[in-house]
Amino acid sequence: MYALPGGAVRRSLLLIGRGIRSEPRTFALAIGSSAVWGAAFVGVGWLLGRLTDTVVVPALTGGADSDVGTGDVLRAGLLLLALAVLTAVSVAGRRIWAGMAALDVQAGHRRRVTEQYLRLPMSWHRAHPTGQLLSNANSDAESAGYVFVPLPFALGVVVMIIGAAAAMLAADVVLGLIGVTVLPLVLAVNAVYRRWMTPAVTRVQAERAAVSDVAHESFEAATVVKSLGTETLEEERFAEATHRLRRANVTVGKVRSVFDPVIDLLPALATLAVLVVGAHRVASGDIATGDVVTASYLLTILTFPVRAIGFVLGDLPRSLVGHERVARVVDARGYLEPGRLPLQGGGGLHLEVEHVELGVGRGRDRRRLLDDVNLVVAPGRTLAVVGSTGAGKSTLVDVLMRLTDPDDGVVRYDGVDVRALSDEARTGAAALVAQQAFVFEDTVRANITLAEPSESPITDEQVWDALRLARADDFVRALPDGLDTVVGERGTSLSGGQRQRIAIARALVRRPRLLVLDDATSAVDPEVEQAILANLRRQECTVVVVAYRTATIALADRVLHLEAGRVVDVGAHEELLARDPGYARIVTAYARDRAERDERDADRGGVAR
Amino acid sequence: MSARIESTSDLGVLGTLREGLRLSPAIRRGFGVTLALAVVATLGRLVVPFTVQQATDRGLVGGVDIDLVVRMCGIAAGVLLVTSVASAWVNVRLFSATEAGLAQLRIRAFRHVHDLSVLTQNTERRGSLVSRVTSDVDTISMFVQWGGIMLILSTLQILGATVAMLFYSWQLTLVVWVVLAPMMVLAPRIQRMLNGAYGEVRARVGAMLAAISEAVVGAQTIRAYGSGQRVLRRIHTAIREHRDAGVRAQTLASAAFATGVLLAGTALAAVITVGTFLGLAGQISVGGLLAFIFLVQLFTGPVQAATEVLNEMQNAIAGWRRVISVVHTPVDIADPAEPRDLGPRGPASIALEHVHFAYPGGPPVLTDVTLDVPAGCRVAIVGETGSGKTTLARLVTRFADPVRGTVRINGVDVREAALEDLRERVVVVPQEGFLFTGTIASNVAYGRHPHPRERVEQAFAELGLLDWLATLPEGMDTDVGQRGESLSAGERQLVAIVRAYLANADVLVLDEATSAVDPATESRINRALTGLTEGRTSIAIAHRLSTAEAADMVVVVDAGRVVEVGSHAELVAAGGRYARLHASWVVQSG
């Protein structure tokens, strides 16, 4: 399991442990640099004190008589310079490696998440909104790695804490104890801080999402807004969400505003306490003045590690939430493991579907999408699938293409269970033109061959042939770089009909033995659609077409009427018209509507000129 | 000519800061008081070192004076508490002011996006526009909350420390400045490099997200064609390139920071060495040198902090520029200075006179289009994809202005009418009936003057859609889901039609849906459209010839020119382009 088990503390430790184990070398370097930095930082303070006592003061007070020579002075300067170099190098090392480690952890999450997206079946995809999946790979993966940026700093400076605490206790146990108490106090303040902060931050995140939602919705609706003149209404809606976010941010700000000075105050007050107690102990002769100075200096040094630990504690809640959301994707199962069988033969494929059942949800929420579906399409024949919205047509397409496995029943290509076929055999035999024609952000050529130009077995000539069959050759030729034109979101934009034609060419170029069209010509002009359908008819393959228009149905040898996941009837168009009233209602709706309109126009008598 | 939304403004750093503050006036509110408090809070940092030094010198060394130490520590504790309160107060004031200012900026940019013409809006992806009012503003917030004041305080501290240092020794002050000079000279160059590096990271994030979104949006196609490995390769490359760009930027930033650390350490070493020699030459006393060492740290601390802040400022400036570029995009469809009245309410006549149109930098889309539509006429515009039929309809709504020629409603040039008046009279039913999250009723009631529930109910009845409402689980109160996703495309269009019906326009522009709709919904849409267009002038961008059949007047557009105008019957009889289109459609629909 990728998800982290246990309570908050255990999950936090597991998160950190796993991150470190995934990039052990980088983390070791980062933590090591951090420790060196801590040592160098303490070293500078210590050396400064020593040099003042042994070089600067004797040299200046002793005047010409002092035994401090030019060499001693230069050596002191060089020593300080060496420490400065060490500090700088270790700071750079810590920052670079810590950043690298966090980026690597994030990249690892992203790779795992996207691998899952490509392995999980369509049924899983259909159950998860696009926006959510994108944010899993983006902001969730990112926040899951946040904590690793300050982590090496915090772990490295633990050395500093131990060193400083030991030195303080060595100077004087009583003063040392005062100093050491600062640590648990800071942690306690931090615990309170987190208790106040977590709900406040959670609210900010929710409000931020709300602002983004309103903006998204409103900008997507820009045309509606303009058309109805509701700009001010939208502004008010956005302002409301923005002010809620502002208030949430200010609440977070106030918590931080109060706690930051408190955290700074603790070591400062402890230093004053050390002075007062130290004065008493010097008076009573228990310790020397130097011990007091040392103890108060060490206390100021402690501020740093305490802060670093605070950063880690502050980032942990966000990282845990991010990791949890990533884990939900990574732990999802239901892969469609391919078989190994190849598929022999050519020409149209013999397609069989036997007792296919498919449902979604569990328990009382369970809904059947497909219910005992049976069908056979003989090689080279065409089957049209007709049914109203939500009848299960697209689910059936998924099952036919093995984009989802049924819960029960079997789909066979030429008598072979598709689950036993290798991926190459299956994708080589069957091609799909989906309802939403999808275009990759790539060249027209690569959108059709789906391969790098150097690796593609498909020649440009074949690409042009397929484009011609899909009636896409004219507009592709008119594109600025022809086949090399980059299309897709950041390339040349294509109209819905053009995208559909590219998708059809992509299917046809493979000379599939089974072609599945899911309402694939809806956005194409009628004239062009006719030509494409005529071309399809001439192909030597078995065709299953989800149809909405009589013209498409006319292309088919047989029609399957699907309602609520069940096959209502199968047969020739005329047979179904005669015996299946539901089917008749669907296909005559167009005609009926047209008749109604003709009648109305007759009544109006026509205003046309 | 319509404006573009640039990806970033080309203002300089100072110009960006000035303009950013102008757009968020609330940030400056009470800033004087905040700054004064911040100076007090910063002085608080000196309390402990000062007390330690004084108490040690006067109360511990050479005879312990407990009373003095206790008194000094007591006073110090009091001062610490006061400065801590000041510090907390500063933070609260900063948070409140900057959040208020950023809210102003967000709302302003948001409103501006809506004020831009459709053409301008379409020059930028919606997702990118959203980030202008969300994440781009967020990148500013870090800087304005902490960075801005830190920069001011750091500068004050650097100046103060310099004056104090000069008081003790001009020679040593010169040493410090000379050592730190490279940093100040190099800073702008380093900033530019960092800017480039972080710009690259942002670009890589975009590319990575685009690659990942293909795996999500194209899941069906990718699986069906077994091209998962190829897509995965592309994604992994994009992820790696983003990671590498991130490492490069961080390495650069770390190196810059480490240089600062090194120079600060060098300054300290140089001061001790040179200072001791100066002392030997009698130029400075022990006390003076020790004080100077303390001042050096007061000087280099803020120099380093300032470089960190400058890094943050780069990010903020980048974010600011992106927001400012939105606010600065000119509104090219604006209200006239002295609007003319569009005449009495009721069906309006439309006229296009020698209209030419081209998208910026593109080929002509419409060429010399002249068209007369009498009041109350139902027009269908037909033509192939890309023929210019959508553009033609858009010009009537003044979503864009023609390059040449005039569009008139009731004889008035639409450019001379108040936009509010125009929007009141001309309403568009867009192709994708966009719905807001909420119920069917709330979506229908959506409008400038929200409609009461009874009116909404009545509208459904008048358009003959009660039977449709009856099929829905909660009738009018059925939740439409995010962006209306719980409804089918056809049902979404029904809602959009009822919404337009309630808007009670004089002219309707109908962008017919191309997506397939199941027959029952299709016939409901047609019924509702008939009710909607009754008694109004309407222009339909027809994708189905059934619409053209039913229209009073058919306009055939081809390659940006109007090639045929007439009734359906006339055009079929004429045997031209329309007749051919129609013949192929008849074959299709059987």
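Below are the figures for this structure:
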quantity: Condition broken by A:Glu527, with the remaining ones in (1) touching a residue at least 12 places away in the same chain (Cβ under 8 Å); (2) facing chain B (nearest Cβ under 9 Å) satisfied; calculated: (1)
quantity: Tally, over region A:92-101, of residues that are surrounded by fewer than 24 Cβ atoms within 10 Å (Cβ to Cβ) and more than 7 Å from chain B (Cβ to nearest Cβ); calculated: 1
quantity: Selected residue [surrounded by fewer than 21 Cβ atoms within 10 Å (Cβ to Cβ), at the interface with chain A (Cβ under 7 Å from one of its Cβ atoms), within 18 Å of A:Ala215 (Cβ to Cβ) and under 33 Å from the mean Cα position of the chain (by Cα)] from B:Asp115, B:Asp138; calculated: B:Asp115
quantity: Filter result (out of contact with any Asp or Glu (no Cβ under 9 Å at 6 or more places or on another chain) and at pLDDT below 80) within region A:566-595; calculated: A:Arg585, A:Val587, A:Thr588, A:Ala591, A:Arg592, A:Ala595
quantity: Options B:Val133, B:Val163; residue that is facing chain A (nearest Cβ under 8 Å), within 27 Å of B:Val309 (Cβ to Cβ) and not hydroxyl-bearing (Ser, Thr, Tyr); calculated: B:Val133
quantity: Qualifying residue in region A:465-477 (condition: under 15 Å from B:Ile222 (Cβ atoms), free of Cβ contacts under 8 Å to residues at least 60 places away in the same chain and touching a Lys or Arg at 6+ places or on another chain (Cβ under 8 Å)); calculated: no
quantity: Identity of the residue in region B:493-517, modelled with pLDDT under 80 and open to solvent by less than 20 Å² (accessible area, probe 1.4 Å), that ends up nearest to B:Leu469 (Cα to Cα); calculated: B:Val517
quantity: Selection status of A:Phe153, in contact with a helix residue (DSSP H, G or I) (Cβ under 8 Å, 6 or more places away or on another chain) and not in a helix (DSSP H, G or I); calculated: no
quantity: Residue count for region A:2-58, restricted to those that are among the charged types (D, E, K, R) and more than 22 Å from A:Trp97 (Cα to Cα); calculated: 4
quantity: Pairs with Cβ under 6 Å, 6+ apart, first in region B:188-213 and touching a residue at least 40 places away in the same chain (Cβ under 8 Å), second open to solvent by 70 Å² or more (accessible area, probe 1.4 Å); calculated: B:Ala197/B:Arg248; B:Arg204/B:Glu241
quantity: Enumerated helices (runs of 4 or more DSSP H) restricted to region B:139-238, each holding at least 1 residues that are in contact with a strand residue (DSSP E or B) (Cβ under 7 Å, 6 or more places away or on another chain); calculated: B:219-224
quantity: Hey, A:Ser218 among the polar types (S, T, N, Q), more than 7 Å from chain B (Cβ to nearest Cβ) and farther than 30 Å from B:Phe436 by Cα or not; calculated: no
quantity: For B:Gly531: the one exception among (1) open to solvent by 10 Å² or more (accessible area, probe 1.4 Å); (2) away from chain A (no Cβ under 12 Å); calculated: (2)
quantity: Qualifying residue in region B:184-203 (condition: closer than 30 Å to A:His125 by Cβ and of a type in the set (A, V, I, L, M)); calculated: yes
quantity: Candidates B:Ser538, B:Ser486 - the one that is crowded, with 18+ Cβ neighbours inside 10 Å, within 12 Å of chain A (Cβ to nearest Cβ) and of a type outside the set (A, V, I, L, M); calculated: B:Ser538
quantity: Count - residues of region A:502-524 that are without any contact (Cβ under 8 Å) to a residue 60 or more places away in the chain and open to solvent by 30 Å² or more (accessible area, probe 1.4 Å); calculated: 1
quantity: Residues of region B:154-176 that turn out to be surrounded by fewer than 16 Cβ atoms within 10 Å (Cβ to Cβ) and free of Cβ contacts under 8 Å to residues at least 12 places away in the same chain, as a count; calculated: 6
quantity: The one condition in (1) away from chain B (no Cβ under 12 Å); (2) open to solvent by 20 Å² or more (accessible area, probe 1.4 Å); (3) at pLDDT 85 or above that A:Ile162 fails to fulfil; calculated: (3)
quantity: Wholly within region B:322-392, strands (runs of 3 or more DSSP E) carrying at least 3 residues that are out of contact with any Ser or Thr (no Cβ under 8 Å at 6 or more places or on another chain) and surrounded by fewer than 16 Cβ atoms within 10 Å (Cβ to Cβ); calculated: B:364-373
quantity: Residues of region A:193-235 classified as of a type in the set (Asp, Glu) and open to solvent by 50 Å² or more (accessible area, probe 1.4 Å), total; calculated: 3
quantity: Conditions (1) facing another protein chain (nearest Cβ under 10 Å); (2) within 37 Å of the chain's Cα centre (by Cα); (3) open to solvent by less than 40 Å² (accessible area, probe 1.4 Å): number failed by B:Pro450; calculated: (3)
quantity: A:Leu233 being in contact with a Lys or Arg (Cβ under 9 Å, 6 or more places away or on another chain), at the interface with chain B (Cβ under 7 Å from one of its Cβ atoms) and aliphatic (A, V, I, L, M); calculated: yes
quantity: Pick from region A:258-306, criterion in a loop (DSSP other than H, G, I, E, B) and touching a residue at least 24 places away in the same chain (Cβ under 8 Å), ranking: surrounded by the most Cβ atoms within 10 Å (Cβ to Cβ); calculated: A:Ile287
quantity: Residue that is most open to solvent (accessible area, probe 1.4 Å), among those in region B:280-321 that are outside any helix (DSSP H, G or I) and not hydroxyl-bearing (Ser, Thr, Tyr); calculated: B:Gln283
quantity: Among the residues listed as A:Asp104, A:Asp72, A:Asp67, the single one being open to solvent by less than 40 Å² (accessible area, probe 1.4 Å), touching a helix residue (DSSP H, G or I) at 6+ places or on another chain (Cβ under 8 Å) and charged (D, E, K, R); calculated: A:Asp104
quantity: Boolean, A:Arg510 is basic (Lys, Arg) and assigned to a helix (DSSP H, G or I); calculated: no
quantity: Residue within region B:49-72 that is of a type outside the set (D, E, K, R), more than 7 Å from chain A (Cβ to nearest Cβ) and not in a helix (DSSP H, G or I) present; calculated: yes
quantity: Residue match in region A:247-265 (condition: among the aromatic types (Phe, Trp, Tyr), farther than 30 Å from A:Leu47 by Cβ and more than 10 Å from chain B (Cβ to nearest Cβ)); calculated: no
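Quick grid of which residues meet (1) modelled with pLDDT of 90 or more; (2) among the aliphatic types (A, V, I, L, M):
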{"residue": "B:Ser325", "(1), (2)": "yes, no"}
{"residue": "B:His328", "(1), (2)": "yes, no"}
{"residue": "B:Leu352", "(1), (2)": "yes, yes"}
{"residue": "B:Val369", "(1), (2)": "yes, yes"}
{"residue": "B:Ala375", "(1), (2)": "yes, yes"}
{"residue": "B:Leu392", "(1), (2)": "no, yes"}
{"residue": "B:Thr397", "(1), (2)": "no, no"}
{"residue": "B:Asp413", "(1), (2)": "yes, no"}
{"residue": "B:Val428", "(1), (2)": "no, yes"}
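The values are calculated or read from the model by the stated rules, or taken from the named source; none is laboratory data. Here the structure is a predicted model, which is why all the values come from computation and not from measurement. As a convention, Cβ positions derive from the backbone with ideal geometry for all residues, glycine included, and neighbour counts pool all protein chains shown. Just so you know, the surface numbers come from the protein's heavy atoms only, side chains and all, with ligands and any DNA or RNA stripped out. Shrake-Rupley method; radii C 1.70, N 1.55, O 1.52, S 1.80 Å.
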